[in-house]
Amino acid sequence: MLQIGSQQLSLDHPVVMGIVNVTPNSFYAQSRCMTEAAIIERVGQLAGDGADCIDVGGCSTRPGFPVATETEEYQRLAHALKIIRTHFPLLPLSVDTFRTGVVQRLYGQYGAFIVNDISAGEEDAAMTATVARLQLPYIAMHKRGNPQTMQRLTDYPDVVAEVKTYLQQKLAELHAQGVAQVIIDPGFGFAKTVEQNYALLRSLQEFTASGAPLLVGLSRKSLLWKPLGSAPEEMLCATSAVHLYALLHGANILRVHDVKEARQMVALSRFLNVTN
């Protein structure tokens with residue numbers, strides 16, 4: 001069970017986290033919502049399709065694209081959270097940010113949420129203490145470098161061993177510093193080649209040994225469309241396939257663009273005797 005302020009999010013069954021990007025350059029166009037009407041429509045669709053929570057991002061981490069300033073990111077997220085809290089007050093939220101200042105300001109205005117930090121605290125040294133003080137659930141993801149450099153930082157002697165060790169150490173550090181609710185994320189697509197992403201996916205079960213909830217972000221990513229010579233817009237079937245595989249190998253949370261289809265994979269996984 002995740003405690004998000006006064007809200008609870010059960011992990012007794014796999015959680016489907018719907019993606020809302022309030023950025024102009026996120027890699028999948030249909031997730032972009034830059035107006036109030038678009039945000040209401042997108043969140044309404046995701047909620048109606050059965051999303052357990054919504055992950056809102058205001059700073060694209062698309063490889064090779066510029067990173068928004070902290071002011072830009074905060075303004076985008078504050079605009080979105082105000083709308084979502086007004087129209088969908090009972091829907092648990094996650095905020096995709098690596099900046100402590102953004103977390104503090106949004107928490108002060110809109111209350112508790114999950115912090116989805118792609119840097120696992122590496123980009124902002126104050127993040128761990130802030131999340132611990134505010135008692136927020138925290139997603140720690142593995143990556144190397146930043147959006148401009150990460151695709152050149154893929155030289156691993158053993159990608160599975162390195163990512164697993166990194167997340168184990170990070171989990172211990174976070175717990176020692178008072179972060180009680182930690183979710184781990186192997187970081188599919190972040191400083192990994194296509195082949196390395198599949199090595200991680202094949203070894204996904206190994207990441208469950210830590211006991212921390214395991215999030216996977218595979219939806220419409222390049223590890224799917226590059227081998228198939230296609231594009232993100234054509235990857236719904238491929239995404240569903242890897243989602244089912246992930247569920248059968250220990251994933252607790254799916255971060256997705258397409259909630260309805262992800263919920264279908266969750267339902268099917270139960271018939272295949274998946275333990276979570």
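The values are calculated or read from the model by the stated rules, or taken from the named source; none is laboratory data. On a predicted model such as this, the values are computed, not experimentally measured, just so you know. Cβ: placed from backbone, ideal geometry, glycine included. Neighbour counts: every protein chain shown.
From the list LYS170, LYS143, the lone residue that is in contact (Cβ under 8 Å) with a residue 40 or more places away in the chain, among the charged types (D, E, K, R) and in a loop (DSSP other than H, G, I, E, B) is LYS143.
Tell me which residues, restricted to the range 107-119, are out of contact with any helix residue (DSSP H, G or I) (no Cβ under 6 Å at 6 or more places or on another chain) and more than 19 Å from LEU171 (Cα to Cα). GLY108, GLN109, GLY111, ALA112, PHE113 - these are the residues of the range 107-119 that are out of contact with any helix residue (DSSP H, G or I) (no Cβ under 6 Å at 6 or more places or on another chain) and more than 19 Å from LEU171 (Cα to Cα). When the residues of the range 229-242 are filtered to those that are without any contact (Cβ under 8 Å) to a residue 40 or more places away in the chain and out of contact with any Asp or Glu (no Cβ under 8 Å at 6 or more places or on another chain), the one that is surrounded by the fewest Cβ atoms within 10 Å (Cβ to Cβ) is GLY229. The listed residues are VAL163, VAL216, and the only one of them that is within 23 Å of GLN3 (Cβ to Cβ) and of a type outside the set (Ser, Thr, Tyr) turns out to be VAL216.
So, ASN197, is that one modelled with pLDDT of 95 or more, closer than 22 Å to PRO147 by Cα and crowded, with 19+ Cβ neighbours inside 10 Å or not? Considered against the rule, which asks whether it is modelled with pLDDT of 95 or more, closer than 22 Å to PRO147 by Cα and crowded, with 19+ Cβ neighbours inside 10 Å, ASN197 comes out as yes. The criterion of at least 1 residues that are in contact with a Cys (Cβ under 7 Å, 6 or more places away or on another chain) is met, among helices (runs of 4 or more DSSP H) falling completely within the range 9-119, by 36-48, 70-87. Number of residues in the range 149-167 that are in a loop (DSSP other than H, G, I, E, B), surrounded by 14 or more Cβ atoms within 10 Å (Cβ to Cβ) and β-branched (Val, Ile, Thr): the value is 1. Quick check, is LEU134 in contact with a Phe, Trp or Tyr (Cβ under 6 Å, 6 or more places away or on another chain) and either hydrophobic (A, V, I, L, M, F, W, C) or farther than 23 Å from VAL67 by Cβ (or both)? Here the answer is yes, as LEU134 does meet what is asked. Of the residues making up the range 58-117, those that are closer than 21 Å to ALA37 by Cβ, of a type in the set (Lys, Arg) and surrounded by fewer than 18 Cβ atoms within 10 Å (Cβ to Cβ) are LYS82, ARG85. Scanning the range 175-220 for residues that are within 16 Å of the chain's Cα centre (by Cα), part of a loop (DSSP other than H, G, I, E, B) and farther than 19 Å from PRO232 by Cα yields a count of 4.
Residue-by-condition table, conditions (1) within 18 Å of LYS260 (Cα to Cα); (2) at pLDDT 95 or above; (3) out of contact with any Gly (no Cβ under 6 Å at 6 or more places or on another chain):
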site: MET17; (1), (2), (3): yes, yes, yes
site: PRO24; (1), (2), (3): no, no, yes
site: SER31; (1), (2), (3): yes, no, yes
site: GLU36; (1), (2), (3): no, no, yes
site: ALA47; (1), (2), (3): yes, yes, yes
site: ARG62; (1), (2), (3): no, no, yes
